[in-house]
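The values are calculated or read from the model by the stated rules, or taken from the named source; none is laboratory data. Quick caveat, the model's predicted, so the values are computed rather than measured. Virtual Cβ from ideal backbone geometry, glycine too; neighbours counted across all protein chains shown.
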Amino acid sequence: MSELATVATDRLLLRRVRADAWQEQRLIDADPRVMETLGGLRDPKETQEYMQQQAAHWTRHGFGLWSIHDRSTGDFVGRGGLRYVELDDGELSIEVGYALIPSCWGRGLATEVASEAMEIGDRVLGLDRIIGITLPWNQASRNVLEKVGLTYLRDTEYRALPHALYEWVRTP
C-alpha cells in the first residue's frame, strides 16, 4: 500500500518509518518526559532496533508507524500510526499510537495524526477493530483516544504494566 507511505494532514506530513531515520527517533527515545509513558528510555542501540522493527512492520503488513513532520517547517515532531501489538494475554490487535516531542504537546497534533490513522484504518484498510493502550494516569492520551472515536473497554496489562484498553469497532 504505497499510497500510505506518505500522507499529508492539515499541519503534518506523515512518512513511512525508515530504519535509517533512527536519529530523529532519539528525540523521543532519549526524553524522559515522553518515555515515562512508553516503557522507559531507550539507548541508541535500542532505538536502532526499534526502528528496524517498525520498518519491517511496513514491509510485512503494508502499513505501520509514520515519522511525523511539521508541514510548514519539515521539522520532526514525533511518530504515530497503526501497528500490530500483542497484549499480555496473547491477543494480537492493531493499535493506534502516537508520541510527540514535548514542544509539540497541547497543540492537537496527536489527535490530528490519530484521526488520520483511524480514517485510514477504517476506509483504506477496512479494519473491523482498532485498539488504543495507555497508562491509566495518562489523561492526555486517554483524551486523544476518546476524541478519535475509541471507547474505554477495560483495564489490562501491557508489557507487565497496568494499562487502560480502548477500542473502536466497526458498526454494521
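The C-beta contact set for region 49-61 (first residue of a type in the set (A, V, I, L, M), second residue in a helix (DSSP H, G or I), distance under 7 angstrom, 6+ apart or interchain) comprises MET51/ALA19; MET51/ALA21; MET51/TRP22; MET51/GLN25; ALA55/ALA19. Annotation for region 130-148: no member residue is at positive phi and modelled with pLDDT of 95 or more. Taken over region 56-90, the criterion of being polar (S, T, N, Q) and under 21 Å from GLY108 (Cα atoms) is satisfied by SER67, SER72, THR73. Just one of the numbered conditions (1) surrounded by 17 or more Cβ atoms within 10 Å (Cβ to Cβ); (2) assigned to a helix (DSSP H, G or I) is not true of GLU119: (1). Between VAL144, VAL96, the distinction of being surrounded by 17 or more Cβ atoms within 10 Å (Cβ to Cβ), in contact with a helix residue (DSSP H, G or I) (Cβ under 7 Å, 6 or more places away or on another chain) and more than 22 Å from THR59 (Cα to Cα) belongs to VAL144 only.
At least 1 residues being at pLDDT 85 or above and of a type in the set (Asp, Glu) is the threshold, and among the strands (runs of 3 or more DSSP E) wholly inside region 1-88 those reaching it are 65-70, 76-86. Among the residues of region 122-172, which ones are charged (D, E, K, R) and assigned to a helix (DSSP H, G or I)? If the condition is that a residue be charged (D, E, K, R) and assigned to a helix (DSSP H, G or I), then ASP122, ARG123, ARG142, GLU146, LYS147 are the ones that fit. For region 153-162, the criterion of being more than 14 Å from the chain's Cα centre (by Cα), within 26 Å of ASP10 (Cα to Cα) and touching a residue at least 24 places away in the same chain (Cβ under 8 Å) is satisfied by no residue at all.
Taking ALA110 as the residue in question, decide whether it is among the small types (Gly, Ala, Ser) and either modelled with pLDDT of 95 or more or within 16 Å of ALA8 (Cα to Cα) (or both). The answer is yes for ALA110. Condition check: under 29 Å from TRP22 (Cα atoms), in contact with a strand residue (DSSP E or B) (Cβ under 6 Å, 6 or more places away or on another chain), free of Cβ contacts under 8 Å to residues at least 40 places away in the same chain and of a type in the set (Val, Ile, Thr). Does ILE94 satisfy that? Yes; evaluated as a whole, the condition is true for this residue.
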